[in-house]
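The values are calculated or read from the model by the stated rules, or taken from the named source; none is laboratory data. Being a predicted model, the structure only gives us computed values, none of them experimental. As a convention, Cβ positions derive from the backbone with ideal geometry for all residues, glycine included, and neighbour counts pool all protein chains shown.
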Amino acid sequence: MPLSWVDIDLAALRHNYLQARRRLSDSTQVLAVVKSDAYGHGMVPVARELALAGVEFLGVSKFWEAAELRSHGIGLPILVLLGVDSADMEEAIRLGLRSVVYRLDDARRLSHQACSIQRPAVVHLKVDTGMGRLGVPWEQIGSFLDNLLGLPGIELEGILSHFAVADEIDKSFSEWQLERFTQVLHLLEQRDRSVRYAHIANSAGLLDLPGCHLQLVRPGLMLYGSSPSAALGGPLDLLPVMSFKARIIQIKQVQAGATIGYGRTYVASGPTRIATIPVGYDDGYSRLLSNRGQVLIGGKRAAVVGRVSMNMITADVSHIPHAREDDEVVLLGVQGEDRISAEDIAEWCGTISYEIFCNLGRHHFKHFHHAAA
Ligand SMILES: *Cc1c(COP(=O)(O)O)cnc(C)c1O
């Protein structure tokens, strides 16, 4: 048994995908976002499971992620969200990848490659409707389209944009982004062109803004069982996919006044039982959880006391007298009646569940199984 490991429940993943699917009409397809190693859940097994469950499209950030999916025999259409570097364009075309485009020079290079190998370069045009990050500014889309549509070898399959605040209760900015996006689609119509896929919805849009589903939605986070925001109304019925577990490697009794860990930031106020757990910030357990985090031992919550070190933490198990060395510790997930969610950990360290998943997922040992009913 390793010192610590990540469990991935593929049945829960499938369940969450079906929760997304049941909110969509038959004319809307699903692009599952599996970038960043499927938010730390393991890109290839996750993509395989979702393909079996009926997902039509996959989305990654980078070319090499898409190439890796292909090398594992995954044949679904894949959209490369950050676009493809010139060095990789020819291979991307050969692999049938869809590249996001937002720069005309990239589009021209793709066109050139497509013509030279006589295969179409399939692209999705990214429009910035208010996120202020990636994409052609929506005011400039008319002239961009005029240039893009004239390029030989380019097949414009999709147009996409991205929401900035779809996870907030106030939907006015998202509605406004959607309105701008619709205007962009009109510009295309005026040129007697259309795309197979217009898409703007992330998980929050999918769950909370049904008018934005269009032909394709791009959920990431909800597939992994986490809600994009506590502000989203209604029961979501999502199941957590990732658990993070370890084993107690030592238990010791300390006396009042003893200090625990680097910096001596924790002082025992009375006789205290301390469990040492072989997980630290190098294992994705943030140092911000020092004297703040909680873990489950023997079905009970135990507080992280003292600083998180590189590969160890210490927890107070004074109230869990049956806790023993080699007992299982749940840092993320369910034990007994209790559960620590990614949202809990995110709140303790002032971040979002996305980052918790990515950090824990970089962990070496991942076990894949089908547990959820
Ligand atoms: C990451 C990403 C998504 C998925 O967002 P979630 O909030 O995880 O659902 C969708 N679209 C784009 C362009 C992304 O980069």
- line: With the first residue restricted to the stretch 275-295 and required to be without any contact (Cβ under 8 Å) to a residue 60 or more places away in the chain and in a helix (DSSP H, G or I), and the second required to be surrounded by fewer than 22 Cβ atoms within 10 Å (Cβ to Cβ) and of a type in the set (S, T, N, Q), Cβ contacts under 8 Å at 6 or more apart or on different chains are Tyr281/Ser309; Asp282/Asn311
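From the list Gly158, Gly153, which one is closer than 29 Å to Leu221 by Cα and either more than 27 Å from the chain's Cα centre (by Cα) or within 15 Å of the ligand (Cβ to nearest atom) (or both)?
Selected residue: Gly158, the only one of Gly158, Gly153 that is closer than 29 Å to Leu221 by Cα and either more than 27 Å from the chain's Cα centre (by Cα) or within 15 Å of the ligand (Cβ to nearest atom) (or both).
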query: List pairs: first in the stretch 14-35 and over 13 Å from Leu76 (Cβ atoms), second among the polar types (S, T, N, Q) and surrounded by fewer than 20 Cβ atoms within 10 Å (Cβ to Cβ), Cβ under 6 Å, 6+ apart or cross-chain?
result: Lys35/Ser61
statement: Checked against (1) over 21 Å from Gly150 (Cα atoms); (2) in contact (Cβ under 8 Å) with a residue 60 or more places away in the chain; (3) assigned to a strand (DSSP E or B), Val100 satisfies every condition except (1)
Lone unmet requirement of (1) more than 13 Å from the ligand (Cβ to nearest atom); (2) buried (at least 19 other Cβ atoms within 10 Å of the Cβ); (3) small (Gly, Ala, Ser) for Ser172: (2)
task: Check off (1) surrounded by fewer than 21 Cβ atoms within 10 Å (Cβ to Cβ); (2) more than 12 Å from the ligand (Cβ to nearest atom); (3) assigned to a loop (DSSP other than H, G, I, E, B); (4) touching a residue at least 40 places away in the same chain (Cβ under 8 Å) for Gly132 and give me the number that stays unchecked.
output: (4)
message: Can you pull out every residue in the stretch 203-254 that is assigned to a helix (DSSP H, G or I) and among the hydroxyl-bearing types (Ser, Thr, Tyr)?
response: Ser203, Tyr224
message: Considering only the stretch 1-10, I want to know if a residue exists there that is surrounded by fewer than 19 Cβ atoms within 10 Å (Cβ to Cβ), outside the structural domain of Arg133 (by TED's automatic domain parsing) and of a type in the set (A, V, I, L, M).
response: yes
message: With the requirement that a residue be away from the ligand (no atom under 14 Å from the Cβ) and more than 15 Å from the chain's Cα centre (by Cα), what does the stretch 31-65 give you?
response: Arg48, Glu49, Ala51, Leu52, Ala53, Gly54, Glu56, Phe63, Trp64
statement: Checked the stretch 1-28 for anything more than 19 Å from the chain's Cα centre (by Cα) and more than 26 Å from Arg362 (Cα to Cα); matches are Arg22, Arg23, Leu24, Ser25, Asp26, Ser27, Thr28
- prompt: Regarding Arg218, is this residue among the basic types (Lys, Arg) and either at pLDDT below 95 or within 15 Å of the ligand (Cβ to nearest atom) (or both)?
  reply: yes
message: under 29 Å from Asp167 (Cβ atoms), part of a helix (DSSP H, G or I) and more than 20 Å from the chain's Cα centre (by Cα): is that true of Leu360 in this structure?
response: no
query: Given Leu79, Leu69, which one is in contact with a Gly (Cβ under 8 Å, 6 or more places away or on another chain) and either of a type in the set (A, V, I, L, M) or assigned to a loop (DSSP other than H, G, I, E, B) (or both)?
result: Leu79
